Amino acid sequence: MDYQNTLKYLYESVPMFQQIGSGAYKEGLANTRALDEYFEHPHRKYRTIHVGGTNGKGSCSHTLAAILQEAGYRVGLYTSPHLVDFRERIRINGEMMPETYVVDFVEKHRSFFEPLHPSFFELTTAMAFRYFADEKVDVALIEVGLGGRLDCTNIITPDLCVITNISLDHTQFLGNTLAEIAGEKAGIIKKGTPVVIGEATEETRPVFAGKAEEMHAPIVFAEDDNRILKAENSDNRLLYETREYGCLQGELGGYYQIKNTNTILHALSQLIALEYAIKEENIRHGFARVNELTGLMGRWQKLSDHPLLICDTGHNTGGITYITQQIKSIVYDHLHIVIGMVNDKDIRGVLNLLPQDAMYYFTKASVKRALPEEELKRTAREFGLHGNTYPTVTEAVRAAQEKSLPKDFIFVGGSSFIVADLLANRNALDLD
């Protein structure tokens with residue numbers, strides 16, 4: 001098989017959460033452990049850092065990877081979902097794994113894994129762990145897929161665990177309360193391994209503290225020690241005045257990155273205490289060049305200036321809260337919002353947060369989980385949100401461009417998959 005046929009095989013032969021949602025979720029680690037044993041426990045051949053949470057884990061993983069790359073480490077980075085190319089999930093020093101590796105992996109090992117009937121994520125995780133071992137990385141940033149306790153990344157023994165925050169998301173798997181979800185996320189805390197908690201609430205804090213005590217794991221609540229003295233937006237970047245490093249320029253411009261940055265600064269302190277050779281200049285350069293160094297996309301990403309067009313992958317109430325705050329800070333003549341969601345999210349909770357003074361372009365992403373645009377429009381009307389429907393993201397964005405004046409603002413989001421479709425078709429839309 002060539003690369004495209006291999007991807008088709010993966011997408012169609014193993015259940016893929018990105019496409020079908022709950023039908024792809026497999027509880028338990030039996031398949032993961034079988035794959036791990038078959039591949040001779042590859043994750044034991046390099047150091048790892050485990051990053052979980054509801055929102056922000058991708059940004060934190062990429063930023064830490066960028067800093068470690070600047071420090072001279074050979075860094076593996078495993079994240080999900082991908083936006084344009086499957087290989088975005090598995091990178092070394094920002095470079096996606098080769099197409100030939102994906103093809104060879106499937107052809108060589110399918111006789112073993114096919115009888116297991118693994119999920120897409122189980123198989124992808126095994127591929128990532130093996131690739132990092134084959135390529136002899138020094139350290140790998142491993143992002144949790146879903147939850148933590150039963151997530152198939154949770155077989156690693158990391159140097160450090162980071163849990164960014166907890167919001168109500170994936171409640172059908174993780175629980176209906178913040179405390180229940182925190183219990184699942186806290187499942188990545190390992191015996192004696194330090195853990196940094198980015199944000200906690202009255203409900204989640206005792207869950208994390210209790211698990212850390214049970215595992216004899218040193219725990220740091222980042223919010224108890226805010227290392228950011230001041231943060232301000234400048235030309236779609238964030239400028240931080242920090243306690244340890246003075247002024248830092250962050251390439252990621254979303255307001256939610258302020259919380260992420262405090263979490264990252266605490267994680268760096270832990271890594272330095274673990275004798276990672278990280279210098280101040282590495283931290284400074286990593287923050288300033290994270291997109292370039294790691295290939296991160298879709299985080300308050302500006303794609304044009306006149307009109308201003310920004311996309312963001314925020315897709316639950318926690319992420320949308322920050323996005324709506326930031327939209328209010330933008331100076332524009334008219335606001336246009338291109339939005340689509342998937343059917344297993346808190347649709348009403350998100351719509352309730354969105355501004356009523358915008359023209360809406362309701363659409364759907366090219367995944368099976370996508371909520372039909374007409375249904376989204378009907379529900380949005382209950383919250384005073386009005387606009388037209390478009391069958392594809394490209395058509396919706398093009399309509400917004402045609403109706404926008406140079407000083408207008410177009411925001412595209414509501415789902416990672418909406419942003420994925422936008423980025424995949426940016427050339428057709430004449431975007432940067």
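The values are calculated or read from the model by the stated rules, or taken from the named source; none is laboratory data. On a predicted model such as this, the values are computed, not experimentally measured, just so you know. Cβ sites come from the backbone with ideal geometry, for glycine too, and all protein chains shown count toward neighbours. Side chains included, ligands, DNA and RNA excluded: accessible areas come from the protein's heavy atoms. Shrake-Rupley method; radii C 1.70, N 1.55, O 1.52, S 1.80 Å.
What the table shows:
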read-out: Selected residue [among the aromatic types (Phe, Trp, Tyr), modelled with pLDDT of 95 or more and farther than 14 Å from THR153 by Cβ] from TYR78, TYR11, TYR73, TYR25; value: TYR73
read-out: Inter-residue pairs, beta-carbon under 6 Å, first under 14 Å from ILE49 (Cα atoms) and in the stretch 265-287, second of a type in the set (Gly, Ala, Ser), 6+ apart; value: HIS266/ALA222
read-out: Every pair of residues 6+ apart whose Cβ atoms lie under 7 Å, when the first sits in the stretch 59-82 and is in contact (Cβ under 8 Å) with a residue 24 or more places away in the chain and among the basic types (Lys, Arg) while the second is open to solvent by 30 Å² or more (accessible area, probe 1.4 Å) and in a helix (DSSP H, G or I); value: none
read-out: Test for GLU99: is it more than 21 Å from the chain's Cα centre (by Cα), over 30 Å from GLU203 (Cα atoms) and at pLDDT below 95; value: no
read-out: Complete set of residues in the stretch 347-392 that are basic (Lys, Arg), without any contact (Cβ under 8 Å) to a residue 60 or more places away in the chain and surrounded by fewer than 21 Cβ atoms within 10 Å (Cβ to Cβ); value: ARG348, LYS377, ARG378, ARG381
read-out: Failed condition for ILE272, given (1) more than 12 Å from GLN69 (Cα to Cα); (2) crowded, with 18+ Cβ neighbours inside 10 Å; value: (2)
read-out: Complete set of residues in the stretch 245-257 that are surrounded by fewer than 16 Cβ atoms within 10 Å (Cβ to Cβ) and under 21 Å from SER61 (Cα atoms); value: GLN249
read-out: Selection within the stretch 278-292 - under 17 Å from LYS57 (Cα atoms) and aliphatic (A, V, I, L, M); value: VAL290
read-out: Given (1) under 24 Å from the mean Cα position of the chain (by Cα); (2) under 26 Å from ASN236 (Cβ atoms); (3) buried (at least 17 other Cβ atoms within 10 Å of the Cβ), number of the condition ASP432 does not satisfy; value: (3)
read-out: Meets criteria (surrounded by fewer than 22 Cβ atoms within 10 Å (Cβ to Cβ) and under 23 Å from the mean Cα position of the chain (by Cα)) for ARG299; value: no
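Table: residues versus (1) in a helix (DSSP H, G or I); (2) in contact with a strand residue (DSSP E or B) (Cβ under 8 Å, 6 or more places away or on another chain).
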| site | (1), (2) |
| --- | --- |
| PHE121 | yes, no |
| THR125 | yes, yes |
| ARG130 | yes, no |
| LYS136 | no, no |
| LEU141 | no, yes |
| GLY145 | no, no |
| GLY148 | no, yes |
| ILE156 | no, yes |
| VAL162 | no, yes |
